[in-house]
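Values in this text are rule-based calculations from the coordinates and carry no lab data. In this text the structure is predicted, and so the values were computed from the model without any measurement. We place every Cβ from the backbone using ideal geometry, glycine too, and count neighbours over all the protein chains shown.
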Amino acid sequence: MAVERSAQYERMSLEAYLAVVEQDPEHAYEYLDGRVCPDVTVSCDVRDRGAQEVIRYPCLVAEVLSPTTEARDRGQKSLQYHSCPSMQEYLLSSSEFPLFEVFRREKQEFWSLYTLGPKDTIELTSLNPRFPVAELYHNTSFLQEASE
């Protein structure tokens, strides 16, 4: 599902999207119906119940970083997500090594960064679960390499 943002981040035409891709072949872009799409979006807002295409009030967004998407996920998309008033947490998970980052909205609209490794425990305050980061990398070569 796409996250709807302010007017300045509204839909772009397919032609505009293809022009961006052509001008920047080193990065991968996710495009769905004119919107930039996160890897995972969660909303607990009743106004989003039954949403089929767009979540308007996300509380959490997660992105899996790859060499081709990391700059965009940390840059432009991060700024868009942080500007969303309902957003409480923005998660970044590395696809190259066991590293998980949690950006959390704090008091007075400040954002805190928590950098976690496989021996740490993640707590998602927007949803209340708590679990070991290692569970996110279960059955991956990351944990096997770390134990060797």
Legend entry - Two-site FRET efficiency, SER95 against ALA51, from Cβ-Cβ distance with R₀ of 25 Å, rounded to 0.05: 0.35
Inset, instruction - Calculate, in whole percent, how much of the Cα-Cα pair population of the stretch 37-87 lies beyond 13 Å. - result: 58
